[in-house]
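Visitor: What follows is a single structure, and I will ask about it in a moment.
Rule-based calculations on the coordinates, nothing more; no lab input. Predicted model only: the values in this text are computed from it and were never measured. Glycine also receives a Cβ, built like all others from the backbone with ideal geometry; neighbour counts cover every protein chain displayed.
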Amino acid sequence: MFLVLSASLNPDSRSRILAKACADELRSTGREVTMFDLSDTPLPACDGAAAYGDENVKRLSSLIESAKAIFIASPVYNFDVNAAAKNAIELTGQAWTEKVVSMMLSAGGQGSYMSAMGLANSLMLDFRCLIVPRFIYATGDAFEGDSLANDEIADRVKTLVKETTRLADAVILSADKCR
Ligand SMILES: Cc1cc2nc3c(=O)[nH]c(=O)nc-3n(C[C@H](O)[C@H](O)[C@H](O)COP(=O)(O)O)c2cc1C
């Protein structure tokens, strides 16, 4: 199963459009997909204590653990992913261990292009995730209403799905051989 985590809490979110395009592409290539939308499934704020026992947190942790790879779709807020994405990762910590992770960001302008790197570093260094060295970065002009209106971004979503599934398949195959 491939997990698509949509982090925006905005009802008119653009990164959710990227998440849906990614999920559609995964399905069209015959992959099983689970979409987890933080605007539909609220999580408590991470307190480093009781919040880990929340049922939604436990569900998300178990989806992350069983996913072959995780696609994170997030808004850029203050040159980072939004607080909801970071909170979800704080709450699910070790579930991310050695996962293949891809990122899709929607932003207000081109200047925050490198803003995915804080999250990438944390996932790599804290949890030894394999970050797919290709990500989607889209600004407002790539969207029209609730659809993607930019062929180049649509192609990049397809390429991201292809590269992520290829990498995830290879990692899982090699892990099986090492057992
Ligand atoms: C609190 C806040 C902070 C933001 N910070 C940035 C930023 O640092 N860089 C940027 O390019 N856009 C920034 N934006 C614009 C959002 O990234 C943009 O509106 C994006 O489409 C939001 O994603 P969403 O539609 O999926 O919620 C910010 C928006 C908000 C509300």
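Visitor: Which of the following residues is in contact (Cβ under 8 Å) with a residue 40 or more places away in the chain and among the charged types (D, E, K, R): 158, 177?
Guide: The match here is 158.
Visitor: I'd like the full set of residues that are of a type in the set (A, V, I, L, M) and in contact with a Phe, Trp or Tyr (Cβ under 7 Å, 6 or more places away or on another chain), limited to segment 7-18.
Guide: 17
Visitor: Sticking with this one: Could you grab me the full set of residues in segment 1-50 that are polar (S, T, N, Q), assigned to a helix (DSSP H, G or I) and away from the ligand (no atom under 16 Å from the Cβ)?
Guide: 28
Visitor: Another one. What are the pairs, 6+ residues apart or on separate chains, where a residue within segment 16-35 that is at negative phi has its Cβ under 7 Å from a residue that is of a type in the set (S, T, N, Q) and part of a strand (DSSP E or B)?
Guide: Matching pairs, first to second residue: 16/6; 17/147; 18/106; 19/6; 35/6.
Visitor: Can you name the residue in segment 74-110 that is more than 10 Å from the ligand (Cβ to nearest atom) and among the acidic types (Asp, Glu) and is also nearest to residue 173 (Cα to Cα) among such residues?
Guide: 98
Visitor: Within segment 124-138, is there a residue that is closer than 16 Å to residue 73 by Cβ, of a type outside the set (A, V, I, L, M) and within 16 Å of the ligand (Cβ to nearest atom)?
Guide: Yes, segment 124-138 contains at least one residue that is closer than 16 Å to residue 73 by Cβ, of a type outside the set (A, V, I, L, M) and within 16 Å of the ligand (Cβ to nearest atom).
Visitor: Quick one: would you say residue 71 is aromatic (Phe, Trp, Tyr) and closer than 22 Å to residue 175 by Cβ?
Guide: Yes: the conditions hold for residue 71.
Visitor: Here is a list of conditions, (1) surrounded by 11 or more Cβ atoms within 10 Å (Cβ to Cβ); (2) more than 16 Å from the ligand (Cβ to nearest atom), and residue 118 meets all of them except one; can you say which number that is?
Guide: (2)
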